[in-house]
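For reference, the structure is listed below as structure tokens.
Bear in mind these aren't lab numbers, they're just calculated from the coordinates by the rules spelled out. A quick note: this is a predicted structure, and the numbers were derived from the prediction, not measured. Note that we place each Cβ from the backbone using ideal geometry, even for glycine, and neighbour counts take in every protein chain shown.
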Amino acid sequence: MKKFRLIGDNWFTMLLGTAIMAAAIKMVFDPANLVTGGVSGVGIIVKELTEIPLWLTNSVLNVPLFAAAFFVKGWKFIRRTLVATVGLSFFLFVLPDLNLWMDDIFLTALFGGVISGVGTGLVFMARSTTGGTDLLAAVLQHYLRHFSVAQIMQVLDAAVVLAGAWIFGLQYALYAVIAVFVVAKVTDGILEGMKFSKLAYIISEKPEEIAAAVMKEMERGVTGLNGKGMYSGSPKNVLICVVSKKEIVQVKDIVSKIDNHSFVIVTDAREVLGEGFIEYTQ
């Protein structure tokens with residue numbers, strides 16, 4: 001039952017992300033002539049030249065990409081991306097033609113970047129993408145193995161941005177680069193923010209009491225390691241405890257109450273897999 005709930009949450013997260021991405025593309029980037037790369041950027045250029053709607057361009061261009069990815073990578077590789085791509089085209093079709101372009105194009109680029117970054121982060125959290133240059137890069141990398149997928153994507157997206165500069169002008173292209181940067185930062189923030197935890201190393205003369213308090217009051221596991229003080233030469237007990245960001249304050253309070261002469265090192269744990277944190281998924 002838990003597995004089915006997790007799968008349902010992933011599909012919901014994916015579709016919510018595509019809806020937010022579609023809103024950014026249709027209501028911000030397109031009205032502001034900001035070509036931020038990818039198939040959506042190509043769609044904005046095509047719409048400017050031919051009046052073909054964004055959803056149709058996104059759908060048509062992805063068909064050959066999915067066909068190529070299917071033959072090169074197989075069904076398992078494309079199935080989640082297929083749902084996200086269809087979802088993006090669907091929301092590009094049904095969302096109203098609202099214009100959220102502000103008078104200040106710099107603020108527009110920032111605003112659109114934040115919205116698109118949130119949507120992209122949600123899609124990535126669901127372990128999917130929205131196709132486009134992601135798929136094309138994966139297919140090309142199969143034949144150009146001395147390049148990474150990320151490197152090929154950078155070239156493809158740069159080509160789309162340059163095409164946007166030719167159609168709309170260099171100024172719009174430069175603002176589009178700002179939007180791309182914001183998208184990347186917000187996406188990374190969402191992905192890492194969901195996974196970040198705190199790792200505490202505790203060196204104390206009262207390790208048993210501290211470990212017992214943390215396990216009882218916080219219901220968090222504690223691991224003890226045998227260490228040695230290199231200056232004194234005496235044996236030391238080192239406790240390792242991983243907690244959420246908000247729980248680290250409680251850990252420090254517990255340590256301070258039991259042994260205010262202890263030595264505590266707190267660092268970031270970028271991703272923690274296991275019970276109480278991020279569960280393993282197939």
Which loop GluC sites (Glu not before Pro) in segment 176-256, with loop taken from DSSP, have no more than 13 other Cβ atoms within 10 angstrom of their Cβ? GLU205, GLU219
Other residues with Cβ under 14 Å from the Cβ of SER116 give, with Lys and Arg +1 and Asp and Glu -1, a net charge of -1
Would you kindly calculate the translational diffusion coefficient of the chain, applying Stokes-Einstein with the Kirkwood radius from alpha carbon pairs, for 20 °C and a viscosity of 1.002 mPa s, and quote it in µm² s⁻¹ without decimals? 99 µm²/s
Based on DSSP loop calls and a cut-off of at most 15 other Cβ atoms within 10 Å, the longest stretch of the chain free of exposed chymotrypsin sites (Phe, Trp or Tyr not before Pro) is what? 1-146
Linear extension gain, THR50 paired with VAL72, 0.36 nm per residue minus alpha-carbon span: 4.7 nm
Between 0 and 90°, nearest 10: helix 149-168 axis offset from the chain longest Cα axis: 40 degrees
Of LYS228/LYS252; LYS73/LYS245; LYS26/LYS245; LYS76/LYS245, which sit over 28 Å apart, Cα to Cα? LYS73/LYS245; LYS26/LYS245; LYS76/LYS245
The helix 207-217 Cα axis meets the longest alpha-carbon principal axis of the chain at an angle in degrees, between 0 and 90 and rounded to 10, of 50 degrees
Between GLN171 and ASP97, what FRET efficiency follows from the Cβ-Cβ distance if R0 is 25 Å, with the result rounded to 0.05? 0.55
If one takes the longest principal axis of the Cα atoms in the chain, at what angle in degrees, from 0 to 90 and to the nearest 10, does the Cα axis of helix 248-258 lie? 10 degrees
Net charge, GLU51 excluded, C-beta distance under 15 Å - Lys, Arg +1, Asp, Glu -1: -1
Using helices alone, what [θ] at 222 nm do you get for the chain, with -39,500 (n - 2.57) per DSSP H run of 4 or more residues, divided over all residues and rounded to the nearest 500? -21000 deg cm²/dmol
Net charge over other residues, Cβ less than 11 angstrom from the Cβ of VAL266 (K, R count +1; D, E count -1): +2
